[in-house]
């Protein structure tokens with residue numbers, strides 16, 4: 001049961017990371033789509049860097065999740081991925097609640 005649960009979790013992280021990378025690339029290059037129209041926030045605190053600030057997090061989560069799925073459970077890597085995800089979520093919530101009021 002636990003093994004299947006972590007596979008679903010990291011599988012969802014892979015799908016979410018790929019979606020978010022595609023959305024960020026569209027936003028960076030000025031393409032307009034449903035994802036770039038609906039999920040975009042005002043960017044007050046990071047200015048021109050906002051288009052690039054999430055790429056390292058996305059690629060670390062994507063690569064780490066693929067490694068977890070391919071080679072099996074690694075507790076240290078899982079903790080690193082979870083930490084990155086928590087930091088990323090905290091950045092999003094801070095940006096959403098502080099700057100979009």
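The values are calculated or read from the model by the stated rules, or taken from the named source; none is laboratory data. Note that the structure is a prediction, hence the values are computed from the model and not measured. Here Cβ is always computed from backbone atoms with ideal geometry, including for glycine, and neighbour counts include all displayed protein chains.
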Review point. Are there any pairs with C-beta distances below 7 angstrom linking a residue in segment 82-101 that is surrounded by 10 or more Cβ atoms within 10 Å (Cβ to Cβ) to a residue that is modelled with pLDDT of 80 or more, with the two at least 6 apart or on different chains, and if so which?
Key: 84/57; 84/60; 84/61; 85/61; 88/57
Check your understanding: How many of the residues in segment 54-76 are farther than 12 Å from residue 13 by Cβ, buried (at least 16 other Cβ atoms within 10 Å of the Cβ) and without any contact (Cβ under 8 Å) to a residue 24 or more places away in the chain?
Key -> 0
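Each row is one residue, and each column tells you yes or no for (1) at positive phi; (2) touching a helix residue (DSSP H, G or I) at 6+ places or on another chain (Cβ under 8 Å); (3) modelled with pLDDT under 80.
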site	(1), (2), (3)
25	no, no, no
36	no, yes, yes
45	no, yes, yes
69	no, yes, no
